[in-house]
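Here the structure comes first, spelled out in structure tokens, and everything after it is commentary.
The values are calculated or read from the model by the stated rules, or taken from the named source; none is laboratory data. Note that the coordinates shown come from a computational prediction; the quantities given were computed from them, not determined experimentally. Please note: Cβ atoms are built from the backbone with ideal geometry, for glycine as well, and neighbour counts cover all protein chains shown.
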Amino acid sequence: MANERKVIITCAVTGAIHTPSMSPYLPVTPQQIAEAALGAVQAGAAIVHLHARNPETGRPDQRPEAFTPFLQVIKQRSDCVINLTTGGAPYMTVQERVQPAATYKPELASLNMGSMNFGLYPMLARFKDFRFAWEREHLENSRDLVFRNSFQDIEYVLRTCAENGTRFECECYDISHLYNLAHFLDRGLLKPPLWVQSVFGLLGGIGSHPEDVLHMKRTADRLFGSQYRWSVLGAGRNQLPVAAMAAAMGSNIRVGLEDSLWIGPGKLAESNAAQVRRARQILEGLNLEVATPADAREILQLKGADQVAF
């Protein structure tokens, strides 16, 4: 029955899209990232999806040592599932991007399932003043940015982490990415249950119309049947509408300041926890139960926090 289903909330606390000048609430330092993750867990997130940043400039930093300070704090102070990015930032090489997951052997790591245009430049219409030169360049340069995730790149991540026991949050920004995922499942490089994270509303990927959400689910159902668990994220203002729509269709949901800086029209979210609480309200309004970290480990068949290398 629907009201017996446990729904996993993932919180992506900082990411590599938004820049420090866009919001005073965006976590940048290791302490801020740790506190944001712990707050999200307390609010109801079972999984935290983590990126690192340079604490002085806020620029994305994919060196494993940049993750060390907050990984240890989060693990010591919570039982959440820690998910490390292999996406990093779109301008990084796959060799750079995979290093934290290869080093720390997390229970979960993200994995982008295809190349795409990655258009962030429309944010220049809203944000005019930047503290650091890299911020404006980051947005301007996305006019000519292809986020490379070739078959070779995807296989490189999978083979690099093959002995880690790490499962993957397979990020699918478009329908073709589901077919790419099916290709790697058929080859035996990924094993069920698949954790399919559908991404809606980012320029360069699938839109956020209800028909887009339905199309993504129908295609995943046809390709994977009972072999996958579905989660969704909506970019920007699409975050909560997509979450509500998909949760009613059987999805798990992802929120966080990586995906959206907002809590309502024109109102910045003051914390990641605030977005998790909104997501929880949606689920509870649908008579759905929020999954605990232990539930998430069982649902996704994860190896356990005692098997990671941090």
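Odds and ends about this structure:
- Within region 64-77, the residues that satisfy the criterion of being of a type outside the set (A, V, I, L, M, F, W, C), farther than 20 Å from Glu169 by Cα and free of Cβ contacts under 8 Å to residues at least 60 places away in the same chain are Glu65, Pro69, Gln76, Arg77.
- Subset of region 175-206 that is in contact with a helix residue (DSSP H, G or I) (Cβ under 9 Å, 6 or more places away or on another chain) and free of Cβ contacts under 8 Å to residues at least 12 places away in the same chain - its residue that is nearest to Ala243 (Cα to Cα): Lys191
- Residues in region 151-174 that are surrounded by 12 or more Cβ atoms within 10 Å (Cβ to Cβ) and without any contact (Cβ under 8 Å) to a residue 40 or more places away in the chain: Phe151, Glu155.
- Within this structure, Ala45 passes the test of being over 30 Å from Asp144 (Cα atoms), of a type in the set (A, V, I, L, M, F, W, C) and assigned to a loop (DSSP other than H, G, I, E, B).
- Residues in region 163-180 that are within 20 Å of His49 (Cα to Cα) and more than 16 Å from the chain's Cα centre (by Cα): Asn164, Gly165.
- Checklist (1) more than 27 Å from Cys80 (Cβ to Cβ); (2) without any contact (Cβ under 8 Å) to a residue 40 or more places away in the chain applied to Phe147, failing item: (2)
- Scan of region 91-131 for residues that are surrounded by fewer than 24 Cβ atoms within 10 Å (Cβ to Cβ), in contact (Cβ under 8 Å) with a residue 60 or more places away in the chain and part of a loop (DSSP other than H, G, I, E, B), ordered by number: Lys105, Gly114, Phe118, Gly119, Leu120, Phe127, Asp129, Phe130, Arg131
- In region 1-56, the residues that are under 20 Å from Gln281 (Cβ atoms), at pLDDT 95 or above, surrounded by fewer than 21 Cβ atoms within 10 Å (Cβ to Cβ) and touching a Leu at 6+ places or on another chain (Cβ under 7 Å): Tyr25
- Among the residues of region 50-82, those that are in a loop (DSSP other than H, G, I, E, B), farther than 22 Å from Pro24 by Cβ and not hydroxyl-bearing (Ser, Thr, Tyr) comprise Gln62, Arg63, Asp79, Cys80.
- Taking region 88-107 as the range and being farther than 13 Å from Phe310 by Cα and hydrophobic (A, V, I, L, M, F, W, C) as the test, the residues that pass are Ala89, Met92, Val94, Val98.
- Filter result for Arg254 (among the basic types (Lys, Arg) and either within 17 Å of the chain's Cα centre (by Cα) or crowded, with 22+ Cβ neighbours inside 10 Å (or both)): yes
- Qualifying residue in region 43-55 (condition: on the phi > 0 side of the Ramachandran plot and not basic (Lys, Arg)): yes
- The sole residue among Leu190, Leu233, Leu214, Leu203 that is modelled with pLDDT of 95 or more and within 22 Å of Gln32 (Cβ to Cβ) is Leu233.
- The single residue among Asp259, Asp221 that is surrounded by 14 or more Cβ atoms within 10 Å (Cβ to Cβ) and either of a type in the set (Asp, Glu) or under 15 Å from the mean Cα position of the chain (by Cα) (or both) turns out to be Asp259.
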